[in-house]
1. Hey, which of the helices (runs of 4 or more DSSP H) in the range 198-305, taking only ones fully inside, have at least 1 residues that are under 19 Å from Val89 (Cβ atoms) and away from the ligand (no atom under 11 Å from the Cβ)?
2. Check off (1) crowded, with 24+ Cβ neighbours inside 10 Å; (2) under 12 Å from Ala317 (Cβ atoms) for Thr250 and give me the number that stays unchecked.
3. Collect the residues in the range 291-324 that are charged (D, E, K, R) and loosely packed, with under 13 Cβ neighbours inside 10 Å, keeping them in residue-number order.
4. Report, by residue number, each residue of the range 14-32 that is out of contact with any Ser or Thr (no Cβ under 6 Å at 6 or more places or on another chain) and small (Gly, Ala, Ser).
5. So the check is Cβ under 8 Å with 6+ separation or different chains; which pairs have a first residue in the range 321-341 that's under 20 Å from Arg359 (Cβ atoms) and a second one that's of a type in the set (S, T, N, Q) and surrounded by 14 or more Cβ atoms within 10 Å (Cβ to Cβ)?
6. In this structure, is Thr142 surrounded by fewer than 22 Cβ atoms within 10 Å (Cβ to Cβ), β-branched (Val, Ile, Thr) and in the same structural domain as Val261 (by TED's automatic domain parsing)?
7. Quick check: is even one residue across the range 170-177 among the acidic types (Asp, Glu), in a loop (DSSP other than H, G, I, E, B), more than 30 Å from Val82 (Cα to Cα) and within 16 Å of the ligand (Cβ to nearest atom)?
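The values are calculated or read from the model by the stated rules, or taken from the named source; none is laboratory data. Since this is a predicted model, take the numbers as computed values, not measurements. Positions of Cβ are backbone-derived with ideal geometry, glycine not excepted, and every protein chain shown enters the neighbour counts.
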Amino acid sequence: MPSHTLWHPYAQMQTQPPPLDVVGGQGAFIDLAGGERLLDATCSWWCMIHGYGHPRLVSAIQQQADTLCHVMLGGMSHAPAVELAETLVRITPPGLDHVFFSDSGSVGMEVAMKMAVQYQVLRDRPEKHRMLSLMRAYHGDTSGCMAVCDPEEGMHALFAGLLPRHHFAPAPTAPFDASAEDVEADIAALRTTLEACHHEVAALLMEPLLQAAGGLNMTSPHYVRAARELCDEFDVLLIFDEVATGFGRTGKLFAAEHADVTPDIMVLSKGLTGGYLGHAATLATARVYDTFLSDDEGHAFMHGPTFMGNPLACRVALESIAVFEEEDYLGKIARLNDVLREELLTDTLRHHPAVNDVRVLGACAAIEFKDAASLAGAQAHARRQGVWLRPFGRWLYTMPAYITTPDELRRITGAMASWVHQS
Ligand SMILES: *Cc1c(COP(=O)(O)O)cnc(C)c1O
């Protein structure tokens, strides 16, 4: 009998099958009670980039726990938070020199939006208080974030009455490798939207190159570069939500690097701690940060989550980044990308009558079906092959841990491909 005490996310508690009883995990595998082992194709909502039970990450938490588990950041500081802030400034695109911590991706995005609005107020542009987002965007589940998720296809239509109204530009349609000409229509659509609403827009926010939870929509670096130029032209801040794309998912450490662009504000979470603890960072350029400097106390940035800069989270994030750099994770990701392309970008899959599109970018691959009904049974099919897949909507996808071996990844792609072939 499944427990009804524990309320699960996005789940119809009356009808959902009993959840898997996880007792541990090692590398890319999840261990279930009863001895079953499942290869995790999604690394726990994309955050466990080093897999489970990584000895260096576990020991970083243990050592920090012996010293200091938590202390407020109000009026106090500590080495793990300072070192992580400095490390993030070193590894992110040039110009992002200031770091504000919080406890989850959604809150990191709330921080980004508040920063943008207060920035506009402090420079006497209080009328620029709305956001410009993209259709198919997903930025989190809190109220502020829901308001900038896709208002139609997103999962938050139910709450429309609660939410502030923002502006939306069409989702870009040109693929990652599109030519500059092929991206022109997407860019023109963004320009048209900005022309109409820039007077009241504080910031344009986007998941650069990969709109993840909104349907694994992959877009071109030309689009990202154009967004930067348009934001400068229309005096609008540019916020990159790299909660999903950050830490290697698109093949570079940050998606912004594909376009050689520095946003004004950038949000990191998910892979930040290697998934071992919840945390987020909102980075800002000097242009943003300096605007808050004043003799006036009232110009201070008005935010401060209880657990911001938690020492355990900062320590494990530092260790995660060290492992990433020392063990050539970008090389590992490139090899995973080779396997994904080889196994999934095949003519038989792409032209299968049930399939709309197959997309691969970095360590991410998605098979978009024409109809969500085609995915009923896909999860059980994968489990029979020892693989944990969690399709949503029309998308069967993998975002594996980067320590997944090529052979393990072939087992994942095999489960995906065989599902298509029996559809
Ligand atoms: C997951 C996600 C969020 C929300 O992060 P939480 O930690 O779940 O609050 C925000 N933006 C993007 C792009 C995400 O993928």
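1. Working: elements: 221-233, 256-259, 286-291.
Output list reads 256-259, 286-291.
2. If we test Thr250 against (1) crowded, with 24+ Cβ neighbours inside 10 Å; (2) under 12 Å from Ala317 (Cβ atoms), just (2) comes out false.
3. Asp295, Asp296, Glu297
4. Of everything in the range 14-32, those that are out of contact with any Ser or Thr (no Cβ under 6 Å at 6 or more places or on another chain) and small (Gly, Ala, Ser) turn out to be Gly24, Gly25, Gly27.
5. From the range 321-341, the pairs are Leu336/Thr404; Val339/Thr413; Leu340/Thr398; Leu340/Thr413.
6. Details: surrounded by fewer than 22 Cβ atoms within 10 Å (Cβ to Cβ): yes; β-branched (Val, Ile, Thr): yes; in the same structural domain as Val261 (by TED's automatic domain parsing): yes.
In short, yes.
7. No, there is no match, as no residue in the range 170-177 is among the acidic types (Asp, Glu), in a loop (DSSP other than H, G, I, E, B), more than 30 Å from Val82 (Cα to Cα) and within 16 Å of the ligand (Cβ to nearest atom).
Yes/no per residue for (1) outside the structural domain of Met266 (by TED's automatic domain parsing); (2) away from the ligand (no atom under 16 Å from the Cβ); (3) among the hydroxyl-bearing types (Ser, Thr, Tyr):
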| position | (1), (2), (3) |
| --- | --- |
| Gln12 | yes, yes, no |
| Leu20 | yes, yes, no |
| Gly34 | yes, yes, no |
| Pro55 | yes, yes, no |
| Met72 | no, yes, no |
| Ser77 | no, yes, yes |
| Thr87 | no, yes, yes |
| Asp103 | no, no, no |
| Ser106 | no, no, yes |
